[in-house]
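Can you read through this structure? Questions will come right after.
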Amino acid sequence: MNMKQNLYLEQIDGIPLFSERVKGQKFCRTRSQLDIMQVNITNRCNLSCKHCHVDAGPTCTEIMSRQTMKDCLQVFEENKFSVLDITGGSPEMNPDFQWLIEEASKKGIHTIVRSNLIILTEKGYTHLPELYAHHNVEVVASLPYYSEKDTDRQRGIGVFKACIDMLRKFNQLGYGKTPDLVLNLVYNPGGAFLPPKQDSLTLEYKRKLMEQYGITFNKLYTITNSPIGRFGKFLERSGNLKPYMNRLWSAFNPETLENMMCRNQLSVGWDGLLYDCDFNQARGWTAESKHQIQDLKGKSVAARKIVFGDHCYACTAGSGSSCGGTIA
Ligand code: SF4
Ligand code: SF4
């Protein structure tokens with residue numbers, strides 16, 4: 001466990017431990033057959049968003065090696081995972097990113113790439129939208145809001161306009177318009193509050209983006225900000241950590257437990273270490289086995305006990321939250 005990353009989220013007075021809320025229930029373990037392998041292939045990112053839970057930024061140096069990617073693909077196939085979910089940082093900044101996309105495609109693996117879109121406007125990356133289309137990669141793109149002011153406040157001046165230009169390019173390539181080219185967007189709240197209802201915000205995004213920019217997309221995922229990483233530090237500095245945690249736990253919804261994303265996935269860090277999810281990864285909390293991906297080659301991925309912390313309240317508040325949006 002990396003203690004440095006856990007100094008700012010100790011148990012808060014009056015808030016029951018998350019692990020106590022789920023103790024003894026079937027939700028404490030993963031399913032026996034996992035569908036999603038999420039690989040975090042670099043912490044490097046061209047942006048440094050204030051809500052970032054992984055503390056990503058331009059100076060980060062963690063990069064998954066090609067050998068570790070090969071190990072991931074081998075374990076993926078041997079254990080019949082369904083979806084390879086590539087994330088970061090900005091995953092495009094790993095020098096072997098394109099190799100991973102092409103290898104996964106050769107093996108017929110359904111691949112998701114999580115992109116901040118801005119990276120695709122930078123030198124050395126502008127060819128990637130065509131590459132994604134060629135390999136039917138599903139794109140999950142961050143768009144903090146459908147207005148310029150709100151998006152630029154969260155991500156930096158000029159980000160909204162660049163995102164709109166890139167979404168238009170994806171539409172021109174057929175994304176959001178043809179069944180094999182899926183374009184999903186992600187909304188994160190701009191502060192210490194829960195996201196609005198996913199269904200109603202989807203309608204708003206669809207209407208505004210079509211009316212004002214002629215943009216179409218498949219689904220909008222609303223994701224609750226996790227009180228860790230840079231966002232956790234911001235909450236602590238601004239005196240908002242306790243009120244935010246109170247907001248999350250008082251909105252606890254037991255209906256979300258069945259579909260918590262950790263129950264159906266294996267998360268792999270840049271160095272091959274295994275985690276239950278990207279949030280635990282950001283906290284330095286490895287999966288119970290403490291294994292690396294290479295240890296699983298030629299073996300079955302067994303069901304395991306999930307490692308919970310109080311940041312898990314972000315996944316179970318209201319309609320719940322996961323990398324695929326709401327879960328209840
Ligand atoms: S939130 Fe996403 S785009 Fe922003 S710094 Fe973190 S990884 Fe990069
Ligand atoms: S943060 Fe969410 S996905 Fe991760 S272990 Fe907790 S409940 Fe599961």
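The values are calculated or read from the model by the stated rules, or taken from the named source; none is laboratory data. Predicted, not measured: the structure shown is a model, and the values here were computed from it. Quick reminder, even Gly has a Cβ in these numbers, built from the backbone with ideal geometry, and neighbours come from all protein chains shown. Ligands, DNA and RNA are excluded from the accessible area calculation, which covers all protein heavy atoms including side chains. Shrake-Rupley method; radii C 1.70, N 1.55, O 1.52, S 1.80 Å.
Are any residues in the stretch 170-189 within 23 Å of the chain's Cα centre (by Cα) and either over 24 Å from Thr326 (Cβ atoms) or hydrophobic (A, V, I, L, M, F, W, C) (or both), and if so, which ones?
Matches in the stretch 170-189: Phe170, Asn171, Asp180, Leu181, Val182, Leu183, Leu185, Val186.
Could you check the stretch 133-151 and list, in sequence order, the residues that are under 19 Å from the mean Cα position of the chain (by Cα) and more than 13 Å from Leu167 (Cα to Cα)?
If the condition is that a residue be under 19 Å from the mean Cα position of the chain (by Cα) and more than 13 Å from Leu167 (Cα to Cα), then Val137, Glu138, Pro144, Tyr145, Thr151 are the ones that fit.
Continuing with the same structure: Those residues that are of a type in the set (A, V, I, L, M) and outside any loop (DSSP other than H, G, I, E, B), I need them from the stretch 305-328; list them, please.
Ala314, Ala317
A further question follows. Kindly indicate whether Glu288 is outside any helix (DSSP H, G or I) and charged (D, E, K, R).
Numbers: outside any helix (DSSP H, G or I): yes; charged (D, E, K, R): yes.
In short, yes.
Please go through the stretch 174-187 and give me each residue that is within 30 Å of Lys50 (Cα to Cα), part of a loop (DSSP other than H, G, I, E, B) and touching a Leu at 6+ places or on another chain (Cβ under 8 Å), ordered by number.
Answer for the stretch 174-187, where residues must be within 30 Å of Lys50 (Cα to Cα), part of a loop (DSSP other than H, G, I, E, B) and touching a Leu at 6+ places or on another chain (Cβ under 8 Å): Tyr175, Gly176.
Restricting attention to the stretch 196-204, does a residue exist that is away from ligand 2 (no atom under 16 Å from the Cβ), in a loop (DSSP other than H, G, I, E, B) and surrounded by fewer than 17 Cβ atoms within 10 Å (Cβ to Cβ)? Walk me through it before giving the result.
The first filter runs over the stretch 196-204 and keeps only residues away from ligand 2 (no atom under 16 Å from the Cβ), leaving 196-204.
Within this subset, residues satisfying the condition of being in a loop (DSSP other than H, G, I, E, B) are 196-197.
Of the ones still in play, those that are also surrounded by fewer than 17 Cβ atoms within 10 Å (Cβ to Cβ) are 196-197.
Checked the stretch 196-204: at least one residue is away from ligand 2 (no atom under 16 Å from the Cβ), in a loop (DSSP other than H, G, I, E, B) and surrounded by fewer than 17 Cβ atoms within 10 Å (Cβ to Cβ).
Select from the stretch 215-230 the residues that are within 16 Å of ligand 2 (Cβ to nearest atom) and assigned to a loop (DSSP other than H, G, I, E, B) and write down the one among them that is nearest to the chain's Cα centre (by Cα). Don't jump to the end; show me each part of the working.
The first filter runs over the stretch 215-230 and keeps only residues within 16 Å of ligand 2 (Cβ to nearest atom), leaving 221-229.
This time we only want the ones that are assigned to a loop (DSSP other than H, G, I, E, B), so: 223-228.
Working: Ile223: 9, Thr224: 11, Asn225: 11, Ser226: 11, Pro227: 14, Ile228: 14 Å.
Once the filter is applied, the top-ranked residue is Ile223.
A quick yes/no check of all residues on (1) away from ligand 1 (no atom under 16 Å from the Cβ); (2) without any contact (Cβ under 8 Å) to a residue 40 or more places away in the chain; (3) buried (at least 20 other Cβ atoms within 10 Å of the Cβ); (4) charged (D, E, K, R):
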| residue | (1), (2), (3), (4) |
| --- | --- |
| Trp285 | yes, no, yes, no |
| His291 | yes, yes, no, no |
| Leu296 | yes, no, yes, no |
| Lys305 | yes, no, no, yes |
| Thr316 | yes, no, yes, no |
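Got at least one residue in the stretch 21-37 being touching a residue at least 40 places away in the same chain (Cβ under 8 Å) and over 26 Å from Arg263 (Cα atoms)?
Our first condition is that a residue be touching a residue at least 40 places away in the same chain (Cβ under 8 Å); within the stretch 21-37, this holds for 21-22, 25, 27-37.
Adding the requirement that they be over 26 Å from Arg263 (Cα atoms) leaves none.
No: the stretch 21-37 contains no residue that is touching a residue at least 40 places away in the same chain (Cβ under 8 Å) and over 26 Å from Arg263 (Cα atoms).
Condition first: buried (at least 18 other Cβ atoms within 10 Å of the Cβ) and either farther than 26 Å from Gly298 by Cα or near ligand 1 (Cβ under 8 Å from one of its atoms) (or both). Now tell me which residues in the stretch 48-70 satisfy that. So that I can check it myself, show each step before the final result.
Step one: list which residues in the stretch 48-70 are buried (at least 18 other Cβ atoms within 10 Å of the Cβ), which gives 49, 51-56, 60, 63-64, 68-69.
Across the stretch 48-70, the qualifying residues are Cys49, His51, Cys52, His53, Val54, Asp55, Ala56, Cys60.
Moving on to the next point. When the stretch 27-48 is examined, which residues are found to be touching a Leu at 6+ places or on another chain (Cβ under 9 Å) and not in a loop (DSSP other than H, G, I, E, B)?
Phe27, Ile36, Met37, Gln38, Val39
If only one of Cys45, Cys49, Cys72 is away from ligand 2 (no atom under 16 Å from the Cβ) and within 19 Å of Val137 (Cα to Cα), which one is it?
Numbers: Cys45 fails: within 19 Å of Val137 (Cα to Cα); Cys49 fails: within 19 Å of Val137 (Cα to Cα).
None of the others qualify; the one that does is Cys72.
While we're here: Looking at Gly190 and the list (1) in contact (Cβ under 8 Å) with a residue 60 or more places away in the chain; (2) surrounded by 18 or more Cβ atoms within 10 Å (Cβ to Cβ); (3) part of a loop (DSSP other than H, G, I, E, B), which single condition is not satisfied?
So the condition that Gly190 fails would be (2).
Quick one: is Lys233 among the basic types (Lys, Arg) and part of a loop (DSSP other than H, G, I, E, B)?
No, not satisfied.
Scan the stretch 236-279 for residues that are farther than 20 Å from Gly320 by Cβ, open to solvent by less than 10 Å² (accessible area, probe 1.4 Å) and either in a helix (DSSP H, G or I) or within 16 Å of ligand 1 (Cβ to nearest atom) (or both) and report the count.
1
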